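Before any comments, here is the structure.
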Amino acid sequence: MDRRNFIISSAAVAAGFARPSLAALTTFPSQTITMYCPFTAGGATDAIMRLIANSMAKTLDTPVIIANKPGAGGTLTATTIRNAKPDGYTLTQVPIGMVRMPHMQAKPTYDFTEDFTFICNVTGYTLGLIVPANSPFHSVQDVVDYAKKNPGALNYASTGVAASPNLLFANFAQLADVDVNHIPYKGDADMLVAVLGEHVDVGTGTATFAPHVDAGKVRLLATYGEKRSERWPDVPTLKELGYDIVSESPWGIAGPKGMDPETVQVLADAIETSLKEQRVLDALGEYVKPVLYIPPKEYATWVQELYKSEEELINRLGLANTL
């Protein structure tokens, strides 16, 4: 993704500070807010969402809880939200897997363009390709060479079917012209266990792997960003290795269709406030996640454009209507 799309002008930010809090002008919230995390507990997304929820609870003076509902590439919460009341008390994280899944399903279980109210974008991911510490692969080229010599023998783990790590590696495999075997897991935590236990040859996921890379328990062969990660400046990007693949897999928050705009703004303001808290910023740094805040109106437009670009990717990979 072009990171310039996420830059909010200083004037807009200043205006945000100047406006009165809508929380003081409405009766919302008056009960517990549930935010669904479509991935397993213990992963980077879960950890960040819990910190944001704790901050929101203080700002809104009401409990905000995280409910995990992993599986299906991070899309199981879509139907939960679609069927919820549009009162602002039931929300979900929106990973890119949720954006692209309808393009892959012969009979989509939800309508991405119609079923949700989009609140704001929050952050994204540093994504990478990892192998066990004892792996014979010391470079991306080692992986490609092995896969070419042993078609269908290389097993790679991802965080779920249609999740960004899966699609990015599938794109890489197509560009490298290799035949590989995909083993999906329910999230980063499970994917990491598979790599650490040497149950797979390669893992593709978010920087939940960061402490394991730093500790020498897994080896990071490449990242998927536009530029090298400041945390691992010696690790190349797939782009500089000759593969036209760049992604930060941004994610946001949404609720059911038909939410009151004032309620949306109250929630967006609380989330924006959380992204300024030091403990949240520290956690984002730990998991190598950038702040990519986009306010409600801009996010609603931007995510629909993303929906169209994901359709193009799915069609190019030959994955349309395959589920």
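The values are calculated or read from the model by the stated rules, or taken from the named source; none is laboratory data. Just so it is clear, the structure is predicted and the values come from calculations on it, not from any experiment. As a convention, Cβ positions derive from the backbone with ideal geometry for all residues, glycine included, and neighbour counts pool all protein chains shown.
Would you confirm, using the coordinates I've provided, whether K276 is surrounded by fewer than 16 Cβ atoms within 10 Å (Cβ to Cβ), among the charged types (D, E, K, R) and in a helix (DSSP H, G or I)? Judged against the criteria, K276 is not a match. Cβ-Cβ distances below 8 Å connect the following pairs, each with a first residue in segment 266-295 that is on the phi > 0 side of the Ramachandran plot, a second residue that is assigned to a helix (DSSP H, G or I) and among the small types (G, A, S), and a separation of six or more residues or different chains: V288/A207; V288/A210.
Criterion first (surrounded by fewer than 17 Cβ atoms within 10 Å (Cβ to Cβ) and either of a type in the set (D, E) or over 12 Å from the mean Cα position of the chain (by Cα) (or both)) does A106 satisfy it? The answer is yes for A106.
Give E305, E298, E262 a once-over and let me know the one that is in a helix (DSSP H, G or I), over 30 Å from E230 (Cβ atoms) and either of a type in the set (G, A, S) or assigned by TED's automatic domain parsing to the domain that holds T113 (or both). Please lay out each step first, then the result.
Numbers: E305 fails: over 30 Å from E230 (Cβ atoms); E298 fails: over 30 Å from E230 (Cβ atoms).
Among E305, E298, E262, only E262 is in a helix (DSSP H, G or I), over 30 Å from E230 (Cβ atoms) and either of a type in the set (G, A, S) or assigned by TED's automatic domain parsing to the domain that holds T113 (or both).
Looking across segment 138-177, the residues that are assigned to a loop (DSSP other than H, G, I, E, B) and either hydroxyl-bearing (S, T, Y) or surrounded by fewer than 20 Cβ atoms within 10 Å (Cβ to Cβ) (or both) come down to H138, S139, N150, P151, G152, A153, T159, D177. Determine if segment 34-44 includes at least one residue that is surrounded by fewer than 19 Cβ atoms within 10 Å (Cβ to Cβ), touching a strand residue (DSSP E or B) at 6+ places or on another chain (Cβ under 7 Å) and not in a helix (DSSP H, G or I). For segment 34-44, residues surrounded by fewer than 19 Cβ atoms within 10 Å (Cβ to Cβ), touching a strand residue (DSSP E or B) at 6+ places or on another chain (Cβ under 7 Å) and not in a helix (DSSP H, G or I): present. For segment 57-82, a residue qualifies if it is in contact (Cβ under 8 Å) with a residue 60 or more places away in the chain, closer than 21 Å to F28 by Cα and within 20 Å of the chain's Cα centre (by Cα), and the qualifying residues are I81, R82. The single condition among (1) surrounded by fewer than 16 Cβ atoms within 10 Å (Cβ to Cβ); (2) under 25 Å from N68 (Cα atoms); (3) of a type in the set (A, V, I, L, M, F, W, C); (4) in contact (Cβ under 8 Å) with a residue 40 or more places away in the chain that A189 does not satisfy is (1).
Quick one: which of A72, A24, A47, A12 is modelled with pLDDT under 95, aliphatic (A, V, I, L, M) and on the phi > 0 side of the Ramachandran plot? So that I can check it myself, show each step before the final result.
Numbers: A24 fails: on the phi > 0 side of the Ramachandran plot; A47 fails: on the phi > 0 side of the Ramachandran plot; A12 fails: on the phi > 0 side of the Ramachandran plot.
It is A72.
Count of segment 80-109 residues, restricted to those that are at pLDDT 95 or above and part of a loop (DSSP other than H, G, I, E, B), is 6.
One residue alone among T77, T117 is part of a strand (DSSP E or B), modelled with pLDDT of 95 or more and in contact with a strand residue (DSSP E or B) (Cβ under 6 Å, 6 or more places away or on another chain), and that residue is T117. Report the residue count in segment 200-230 for those that are surrounded by fewer than 23 Cβ atoms within 10 Å (Cβ to Cβ), at pLDDT 95 or above and within 19 Å of T40 (Cα to Cα). Residues flagged as surrounded by fewer than 23 Cβ atoms within 10 Å (Cβ to Cβ), at pLDDT 95 or above and within 19 Å of T40 (Cα to Cα) within segment 200-230 amount to 1.
For segment 229-255, which positions are in a loop (DSSP other than H, G, I, E, B) and within 15 Å of Y287 (Cα to Cα)? Show your work before the answer.
Our first condition is that a residue be in a loop (DSSP other than H, G, I, E, B); within segment 229-255, this holds for 229-236, 238-250.
Within segment 229-255, S229, E230, R231, W232, E248, S249, P250 qualify.
Given the structure, is L154 modelled with pLDDT of 95 or more and outside the structural domain of G71 (by TED's automatic domain parsing)?
On the way: modelled with pLDDT of 95 or more: yes; outside the structural domain of G71 (by TED's automatic domain parsing): yes.
So L154 fits the description; yes.
Condition check for E248 on (1) buried (at least 21 other Cβ atoms within 10 Å of the Cβ); (2) modelled with pLDDT of 95 or more: one failure, at (2).
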